[in-house]
1. Here are V289, V259: which of them is within 15 Å of ligand 2 (Cβ to nearest atom) and not in a helix (DSSP H, G or I)?
2. Every residue in region 234-243 that is part of a strand (DSSP E or B) and either away from ligand 2 (no atom under 16 Å from the Cβ) or open to solvent by 60 Å² or more (accessible area, probe 1.4 Å) (or both), please.
3. Looking at R286, R320, which one is closer than 21 Å to V39 by Cβ and either within 16 Å of ligand 1 (Cβ to nearest atom) or open to solvent by 20 Å² or more (accessible area, probe 1.4 Å) (or both)?
4. Hey, does region 28-51 have a residue that's at pLDDT 95 or above and not in a helix (DSSP H, G or I)?
5. If Y114 satisfies every condition in (1) of a type in the set (F, W, Y); (2) out of contact with any strand residue (DSSP E or B) (no Cβ under 9 Å at 6 or more places or on another chain); (3) assigned to a loop (DSSP other than H, G, I, E, B) but one, which is the exception?
Amino acid sequence: MDIEEGGLTVSVPEARDGASEGTGGGVFFNPTQELNRDVTVAVLRAYRDREPRASSYLDAMAASGIRGVRAAAEGYDTTCADVDPDAVELAAENLAANDLDGETVHRDVNALLYENVFDVVDLDPYGTPIPFADAALANARNLVCVTATDTAPLCGAHLNSGIRKYGAVPRNTDYHPEMGLRTLISALVRTAARYDKAARPIVSHVSRHYARTYLELESGAQVADDCIDELGYIDNCEDCLWRDPTHGLIADPVDTCPVCGSDRVLTAGPLWLGPVADPDFARAVRERVTDDMGEAKRARKLLGTVARELDTPTHYDQHRLYKAWGEPAIGMDEFVDRLRGAGYEASRAHYRGTAVKSTASIPEMRDAILGNEGDADGDAD
Ligand SMILES: C[S@@+](CC[C@H](N)C(=O)[O-])C[C@H]1O[C@@H](n2cnc3c(N)ncnc32)[C@H](O)[C@@H]1O
Ligand SMILES: [Zn+2]
């Protein structure tokens, strides 16, 4: 079956039995990842302005080669690799059908990465990227793009699996999509640090089915140490949703919530507590989204929110807060405006439509939003 994406025509396997993921012929294709791929193309465009020397791109898990084809169309010197010979054949056909140059390699990507240097490496595996993280972070020159689809281990819903894969203790909190992203980045930062490299996320985004992050690499023990300094732990009260991030790799968990006195406090970490995006770069990526992209509208909205997101390591779910306060919720923009009006920093966050970030604590938010009357003017949305 031929599909159109980003102005290119690519042959992909038919989905079987109405499944959204194509498995016909054994080669994988997931049409629902188009947003992820559109953002990738916009990142590749914006990254060339940031680092003009970046010219080679490895589609490390190519399947149909759709990412590689799109990168080649952007002028990147592209290699598509896969362990599945049918995938390699299909990727080669798709490059040729679009009159694009590009290499196709039937190889385990871990072996390939230790023998070749690529400026940009794109890891898009089934489930966790961790089996490929060492090879990619040790050997890539500039940028490593990583998808993880194992959201349950990442956010602490499958705790032991998360601990095994990511060498951290994620906790299933009310901000679980962000917990997942910060668990992933933490593991990748610690992996890069083993090779005296800093890996800093310049854009990241999370959906229900995956987390995606773009890590810029820089070599040097000092910069790697600077990255490690941005790891730490977050204490979380399961009752009143209080949370408290502490930088450093030596955990000093609290037993009792200082706000409500509950002893149901869970500590998560080590997590990445630094920014998950560089706002200027996220804006530049947004500028590089074009109308020929099928998910242009969603990509622009997503990147706009990511660029404006406050740089705090957790977010609140506005509906959860209102439920706890026993009040009808107001619109999100007004919620953010009231927090700002009360002198706190606040923003929406891309993790969900009701996600809000603020420098205010929960009691401070309650005061700022509900005021003394404990009433929000009945202004429900
Ligand atoms: C999720 S699919 C990739 C989807 C594709 N990037 C896209 O955007 O449609 C994962 C692919 O990784 C390949 N793969 C798994 N292990 C690999 C390895 N060690 N080296 C290279 N490719 C591998 C699989 O054969 C499969 O084609
Ligand atoms: Zn509490």
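The values are calculated or read from the model by the stated rules, or taken from the named source; none is laboratory data. Only a predicted model underlies this, so the values are computations on that prediction, with no experimental measurement involved. Don't worry about glycine lacking a Cβ; one is built from the backbone with ideal geometry, like all the others, and counts go over all protein chains shown. What goes into the accessible areas is simple: the full protein's heavy atoms, side chains included, and nothing from ligands, DNA or RNA. Shrake-Rupley method; radii C 1.70, N 1.55, O 1.52, S 1.80 Å.
1. That would be V259, the only listed residue that is within 15 Å of ligand 2 (Cβ to nearest atom) and not in a helix (DSSP H, G or I).
2. Once the filter is applied, which keeps residues that are part of a strand (DSSP E or B) and either away from ligand 2 (no atom under 16 Å from the Cβ) or open to solvent by 60 Å² or more (accessible area, probe 1.4 Å) (or both), region 234-243 yields nothing.
3. Numbers: R320 fails: closer than 21 Å to V39 by Cβ.
Step by step, each of R286, R320 is checked, and only R286 is closer than 21 Å to V39 by Cβ and either within 16 Å of ligand 1 (Cβ to nearest atom) or open to solvent by 20 Å² or more (accessible area, probe 1.4 Å) (or both).
4. Yes; the residues of region 28-51 include at least one that is at pLDDT 95 or above and not in a helix (DSSP H, G or I).
5. (3)
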